[in-house]
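Below is one structure, written out as C-alpha cells, with a few remarks after it.
The values are calculated or read from the model by the stated rules, or taken from the named source; none is laboratory data. Every value quoted in this text rests on a predicted model; they were computed, and no experiment measured them. Virtual Cβ from ideal backbone geometry, glycine too; neighbours counted across all protein chains shown. To get the accessible areas, we keep the full protein, side chains included, count just its heavy atoms, and leave off ligands, DNA and RNA. Shrake-Rupley method; radii C 1.70, N 1.55, O 1.52, S 1.80 Å.
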Amino acid sequence: MERCQYLKEQLNQDYKLLKQLEDERRCETNPRRKLGLNADIEEIEQRIRDRETELKSLGNNQNNSIDIDTLVQQVRQQRHDKIQDQCGTMRMLDISQLIAISDIYTDVNILEKITSQQWLDASDLARNFNPESDNFDRLGLGRVRQKSVPGLDAVSRYNKLMVLGKPGSGKTTFLQWVAIKCDLGEFQPNRVPIFIRLKNFAEDAKTIGTQGFAPLQDYINEEFISRGITDKSVVETILIQGKALILLDGLDEVLEEDDDEVIKLIRRFVEKYFKNKFIITCRIAAQKYRFVREGFSDIEVADFKDKQVELFAKKWFTVARNNPQAGEATARQFIEKLNLPENQQISELAVTPILLNLTCLVFSAKNEFPSKRSQLYEQGLEILLIRWDEKRGVKRDKIYRNLSVEHKIELLSQVAAITFDKNHYFFEQRELQQYIADYLCTLPYEQTDEQTDQVTLQQDSKAVLESIAAQHGLLVERAREIYSFSHLTFQEYLTAREIEAKSDIALLVSKITEKRWREVFLLTAGMMRNADELVQNMKQRIDGLVAGDEKLQSFLTWVNQKSLSVEVPYKPSAVRAFYFALSPVRSRDLTLSLDLSRDLTLSLDLSLDFHLYVTLDYSLNLTLDLYVTLDLSLNLTLDSELKQSLQQLKDQLPSREGNDKEQFNQWWQINSRTWIEQLRTVMIQHRNIGYNWQFSDSQKQLLQHYYNANQLLVDCLKSDCDISQEVRQEIEDNLLFITYYRNREAEE
C-alpha cells in the first residue's frame with residue numbers, strides 16, 4: 001500500500017512536469033533548445049509508463065497473493081544452473097582449463113573511503129616516501145592508512161553499492177563469488193541472484209528492444225525465459241517485492257557510444273525496483289557517473305595483504321600442480337623467496353590478483369624468479385596494456401589518435417624517466433598532462449591555427465591520461481588530481497627502458513651515488529644487448545669519486561698492499577673488500593658478494609686481523625667481551641712476539657675474578673685511551689693494520705658512497721646481463737683499486 005501511494009504521488013508530479021515542459025517546447029524558438037526539451041519529455045513519458053505498469057502489477061498482486069519466500073526458492077532452483085554457468089568458473093591467465101571459482105577465490109578487503117577522493121597535496125603523500133632512507137618502504141607508494149573490511153561484510157552493510165577498483169583487482173571475481181554464495185543460500189538467502197555483464201547487456205539490449213535499447217527488466221525477462229520461467233509476472237513480483245540481488249558487472253567495459261543510454265536504463269531500473277539490493281562494479285579511474293541520487297555508496301577493493309597473498313599462492317599452486325601436497329610445498333617456497341630482501345620489487349607487484357597470478361606463473365616454471373626481472377615487468381606491462389582485456393573479449397574505446405601499444409609504452413617511459421630524474425613520485429594532474437602534451441607534439445599532427453592547437457592539445461592530453469588510468473591502471477590517482485605510477489617498480493622499469501632506448505649511459509652513471517637509482521642500474525644493464533660500456537663507465541665514475549682526495553688514495557693503496565701481504569685462497573678483490581670493510585664503512589656485504597666464505601676462521605690471517613679490529617673497537621661497542629676477543633686473537637696468532645705483546649696488554653686489564661663490572665669500568669675510564677693506543681701500535685707493527693686514519697665526516701661519507709657504488713657494480717656483474725668475459729674479469733680484478741681509473745683517464 002505504501003508503494004502504491006508513493007507511485008501515485010510521483011505520477012501527479014510527473015504529469016505536472018510533463019505539462020510544463022510541453023508548454024515550454026511550444027513557446028521555444030531555439031532548435032537546439034527544442035531538441036533538449038524533446039529528450040526530457042521522452043524520459044518523463046517513459047517514467048510515467050513504468051510507474052503506471054508497476055501500479056497495475058501491485059493491484060494484481062494484492063488480488064492474487066502468493067507466498068513470496070516460496071517463489072524465491074523456486075526461482076533460485078530453476079536458475080541454479082545458469083548462475084553456476086555464469087559465475088561458478090573462471091579462466092586464469094595462461095592456464096588452458098577453466099578453474100572452479102571456489103578453488104581459487106581469495107576473500108577481498110574493502111575500503112569504505114575512496115583513496116582518490118582525499119584532499120591532499122603531492123608533498124603530503126611524499127612526506128614519508130624517501131627512497132634514499134635506510135628504512136625505505138617501497139610499498140609506501142600506494143600505502144593506504146584507512147582500515148579495510150571484508151568484502152561480504154561491506155555488501156551486507158549497504159543496499160546499493162558501487163564497487164570500484166584498479167584493473168585486475170578482483171572486482172568481477174568478487175561479484176561472481178557473491179552470486180555463488182547467494183545461489184547456495186549462504187549469503188542473502190532470501191534473494192534471487194541476477195548476474196549481468198553490462199558489456200553483454202549493452203550489445204544485446206539493442207536487439208531485444210524494438211526501438212533503441214530495451215529496458216533492463218526486459219533483458220532480465222529474456223534471461224528468465226531461457227531458464228523456463230515464462231510468466232513475466234514472476235519476475236515482476238520478485239523485483240517489486242525487493243527479493244533480487246542485482247549484480248551489474250563492468251560498467252567501464254560499456255562502449256562510450258552506449259554508456260549514456262546504459263546509465264539511463266540502470267537509473268530507471270533502480271528507481272523503479274528500489275527495494276532490491278544492487279552492486280555495480282567499475283574500474284576506479286573510469287567512473288564517469290556516480291549514482292548518488294539513487295542512494296549508491298562508493299567503496300574500493302583494497303590491495304592484497306600478506307595473508308591474502310599466501311592464501312592465493314597456496315590455492316594457485318594447488319590448482320596448477322593438481323596436487324594439494326605438492327601445491328602447498330611450492331607455495332611455501334614461493335612465499336619464502338618472495339619475502340627475501342632481493343625480491344622486494346617483485347613482492348611490490350604481487351598485491352593484486354592479476355599481477356600475483358603472473359608472479360606465480362613465472363615462478364612455477366623453475367621454482368625460482370627470473371634472474372632478469374625486466375622480463376617479468378615487461379610481461380606485467382603487456383598484461384595490463386593488452387592481454388587482460390583481450391582475455392575477456394573487452395574492446396575499449398579508441399583514445400586520441402589511436403595511440404598504439406608501442407606509443408603508450410614510449411609515452412609512459414618518457415613520463416617515468418622525467419619524473420624519476422626529478423625525484424618525483426607523486427605529481428599533479430596538470431604537470432602530468434603537460435608531459436603527455438609534450439609527447440603528443442612529437443607525433444604526426446595536422447596543423448591548424450596555433451591557439452586551437454594548444455587548446456586541442458590540452459584536451460587530448462587529458463583524454464590520454466584518463467584513458468591510460470582507466471583502461472590500464474598504470475597511472476593511479478592517489479588523491480584529487482594527484483597521480484603516481486601504480487607501482488614504483490614500473491616507474492623504475494620504464495625509466496630504465498627509456499635510458500636503454502636512448503643509450504643515455506652518461507645520465508645513468510651520473511646517478512651512481514644515489515641509492516634510489518640502484519634498481520634502474522640493474523634493469524638497464526639487463527636490457528642492454530651488451531653492457532660493457534655501461535660497467536666500464538661505472539667503474540671509471542666510481543674511481544673518480546675518491547681520485548681527488550690524497551688521504552683516501554693513501555687508504556686505498558694500503559688496502560691493496562695489505563691484501564697482497566696475506567696468503568689466502570680467495571680472489572684478490574674479495575680480500576681488498578675485506579680490509580676496506582675494516583674502515584669506517586664496517587660492512588661485509590661486498591666481501592661476501594665477491595667470493596669470501598662466511599666462515600672467517602677458514603683463513604688464519606683474516607680471522608686474526610678481524611678479531612684484532614674487534615678488540616680495537618671495544619670503545620665503540622661496550623657490549624663486546626674484551627677478554628674473549630683478546631683470547632681469540634691470542635689463540636689465532638703464530639707470531640710469538642705478537643702473542644707476547646697481546647698477553648702483556650691483557651695482563652694490564654683488571655682481573656676477571658668476581659666479574660666486578662664497576663671495577664672494570666673505573667679502570668677503563670682512566671686507562672682506555674692509553675691502552676687502545678698501545679694495542680694500535682702492536683697491530684701496526686706486527687700486522688700492518690689498525691691505523692687511525694682520522695677521516696673527516698665528509699670523507700667518511702665519500703667512502704660510504706664509494707663502497708655502495710662498488711657493491712652496485714658487483715651486483716651488475718653478478719646479474720644475468722650481457723658483459724664480455726674480458727671486461728668482466730678486467731673490472732673485477734681492479735675493484736677497489738685506483739690504477740684502473742688512472743689508466744682509463746690516460747687513454748682518454
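What FRET efficiency comes out for the pair Leu11/Ser102, r = Cβ-Cβ distance, R0 = 41 Å, nearest 0.05? Intermediate results must be reported in sequence, preceding the final value.
Values: r = 47 Å, r/R0 = 1.14.
The pair Leu11/Ser102 has a calculated efficiency of 0.30.
Counting 0.36 nm for each residue step from Gln77 to Gln375 and taking away their Cα separation leaves a gain of 102.5 nm. Rolling a 1.4 Å probe over the protein heavy atoms gives region 639-694 an accessible area of 68 Å² per residue. I want the local charge near Lys562. Using Cβ-Cβ distances under 14 Å, sum +1 for each Lys or Arg and -1 for each Asp or Glu among the other residues. Overall, the nearby charge balance is -1. Share of pairwise Cα-Cα distances greater than 18 Å in region 105-209 is 64 percent (whole percent).
Translational diffusion coefficient of region 163-305 at 4 °C, 1.567 mPa s, Stokes-Einstein with Kirkwood Rh over Cα pairs, in µm²/s as a whole number.
The diffusion coefficient I find is 82 µm²/s.
Residues within the reach of a label modelled at Asp617 (point 7 angstrom out along Cα to beta-carbon, backbone nitrogen below 12 Å), restricted to region 673-707: there are none. Phi angles across region 715-722 convert, under the Karplus curve 6.51 cos²θ - 1.76 cosθ + 1.60 with θ = phi - 60°, into 3J(HN,Hα) values of 4, 5, 5, 7, 6, 7, 10, 8 Hz, Gly and Pro given as x. For the peptides 716-724, 603-611, 640-648, the ranking by packing is 603-611, 716-724, 640-648, with the highest mean count of neighbouring Cβ atoms within 10 Å listed first.
Enumerate the aspartates and glutamates that Lys314 could reach by cross-link, defined here as Cα to Cα under 17 Å, with residues fewer than 8 away along the same chain left out. Those aspartates and glutamates meeting the cut-off are Asp103, Asp107, Asp306, Glu328, Glu336, Glu368.
Fully extending the segment from Ser503 to Lys661, taken as 0.36 nm per residue of separation minus the present Cα-Cα distance, adds 50.6 nm.
Positive end of the dipole of region 76-123 (Cβ unit charges, origin at the Cα centre): among Gly88, Gln78, Ser102, the Cα lying farthest that way belongs to Gln78.
Would you tell me the accessible area of Val614, worked out with a 1.4 angstrom probe on the heavy atoms of the protein chains, in Å² to the nearest 10? Solvent-accessible area, nearest 10 Å²: 30 Å². Oblate is the label for region 526-580, because a/c, from the alpha-carbon gyration tensor with a ≥ b ≥ c as root eigenvalues, is 1.5 or above and a/b does not exceed b/c. Using a probe of 1.4 Å, the accessible surface attributed to Ser57 totals some 20 Å² when neighbouring protein chains are kept in position. Between Val628 and Asn530, the modelled label-to-label distance comes to 5.4 nm, taking each label 7 Å out from Cα in the direction of the beta carbon. Protein-only accessible surface at a 1.4 angstrom probe places the residues Trp693, Trp119, Trp675 in the order Trp119, Trp693, Trp675, largest first.
For Trp667, Trp558, give the ranking by accessible area with the largest first, probe 1.4 Å. Intermediate values should be presented prior to the final figure.
On the way: Trp667 50, Trp558 15 Å².
Correct descending sequence by accessible area is Trp667, Trp558.
Report the gain in length on full extension from Lys718 to His424: 0.36 nm times residue separation, minus Cα-Cα distance, nm rounded to one decimal. Can you show the working numbers first?
Numbers: separation 294, 0.36 × 294 = 105.84 nm, distance 2.97 nm.
Value of the extension gain: 102.9 nm.
How far is it, in nm, from the label point at Leu18 to the one at Arg680 when both lie 7 Å from their Cα along the line to the Cβ? Going from the Leu18 label point to the Arg680 one covers 10.0 nm.
Note on Asp697 and Asp438: their simple-model spin labels are 3.6 nm apart, each label 7 Å out from Cα toward Cβ.
Which entries in the list Lys181/Lys307; Lys502/Lys700; Lys199/Lys272; Lys243/Lys307; Lys515/Lys718; Lys113/Lys315 go over 24 Å, if you measure between the two C-alpha atoms of each? The answer is Lys502/Lys700; Lys243/Lys307; Lys113/Lys315. Near the amide H of Val192, within less than 5 Å, lie the amide hydrogens of Ala244, Leu245, all on another chain or at least 5 residues away, with H placed in the peptide plane.
How do Met162, Met90 stack up against each other in accessible area, from largest to smallest, with a 1.4 angstrom probe?
In descending accessible area the options line up as Met90, Met162.
Within 10 Å, count the other beta carbons around each residue, average over each peptide in 465-471, 726-732, 365-371, 260-266, and list them highest first. All intermediate terms of the calculation are to be shown ahead of the outcome.
Working: 465-471: 21.0, 726-732: 15.7, 365-371: 12.7, 260-266: 17.6.
In descending order of packing, they fall as 465-471, 260-266, 726-732, 365-371.
For a paramagnetic label modelled on Lys551 (point 7 Å from Cα along Cα→Cβ), amide N atoms under 18 Å away belong, within region 674-716, to 690-707.
Placing R0 at 35 angstrom, the Cβ-Cβ distance between Glu132 and Glu406 gives a FRET efficiency of 0.55 after rounding to 0.05.
Estimated at the nearest 10 Å², the accessible area of Lys515 is 90 Å² with a 1.4 Å probe. If R0 is taken as 25 Å, the Cβ-Cβ distance between Lys232 and Leu184 corresponds to a FRET efficiency of 0.40.
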